[in-house]
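The values are calculated or read from the model by the stated rules, or taken from the named source; none is laboratory data. Note that the coordinates shown come from a computational prediction; the quantities given were computed from them, not determined experimentally. A quick note on method: Cβ atoms are made from the backbone with ideal geometry, for glycine too, and the neighbour counts reach across all protein chains shown.
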């Protein structure tokens, strides 16, 4: 039995249902939309990945899945989407490496949560960090009281780094 008999009429593994540039444009639009929305959700939601890395993982999996299904999406369309997403991710990675301004815009800035034992409640609220999460980070470095913290910083990757005051280490 030939492969042509197994495929629905008009279906092609390599033939594109839309012009190639539409797949590029769709990939860029979805990537951009996800990057912006994930960036707006804050560092706490992103965790250890930079926002553009997380977007790449989410969109790549969808692009590959769509190219493998028996629907309207062809393998060629999946390849175009994957190439587009890898290119835009590579460009943003290079851009944040080259430009401090782009890095601040795309990845944000580290935020000080505790300074000389004083908790910045407004910063905790704006970053949606609970006291429990802050204390968990403090306990990881052996600090049981936030008064013993010189500085606690929410990094751009979502991790909270705690630096105890001199003489406060266990």
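Tabulated data
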quantity	calculated
Lone qualifier among 84, 130 - being in contact with a helix residue (DSSP H, G or I) (Cβ under 8 Å, 6 or more places away or on another chain) and free of Cβ contacts under 8 Å to residues at least 24 places away in the same chain	130
Residue count, segment 109-127 (criterion: without any contact (Cβ under 8 Å) to a residue 24 or more places away in the chain and under 13 Å from residue 165 (Cβ atoms))	1
For residue 158: the one exception among (1) in contact with a strand residue (DSSP E or B) (Cβ under 7 Å, 6 or more places away or on another chain); (2) not in a strand (DSSP E or B)	(1)
From the options 76, 102, 63, residue that is modelled with pLDDT under 95, within 20 Å of the chain's Cα centre (by Cα) and surrounded by 15 or more Cβ atoms within 10 Å (Cβ to Cβ)	63
Residues being at pLDDT below 55 and in contact with a strand residue (DSSP E or B) (Cβ under 8 Å, 6 or more places away or on another chain) - total across segment 1-50	1
Which numbered condition residue 153 fails, given (1) crowded, with 16+ Cβ neighbours inside 10 Å; (2) assigned to a helix (DSSP H, G or I)	(2)
Selection from segment 125-141 of residues that are over 25 Å from residue 35 (Cβ atoms) and assigned to a helix (DSSP H, G or I)	131, 132, 134, 135, 136, 137, 138, 139, 140
Test for residue 147: is it closer than 25 Å to residue 51 by Cα and either free of Cβ contacts under 8 Å to residues at least 60 places away in the same chain or not in a strand (DSSP E or B) (or both)	no
Lone unmet requirement of (1) part of a loop (DSSP other than H, G, I, E, B); (2) under 19 Å from the mean Cα position of the chain (by Cα); (3) surrounded by 18 or more Cβ atoms within 10 Å (Cβ to Cβ) for residue 109	(3)
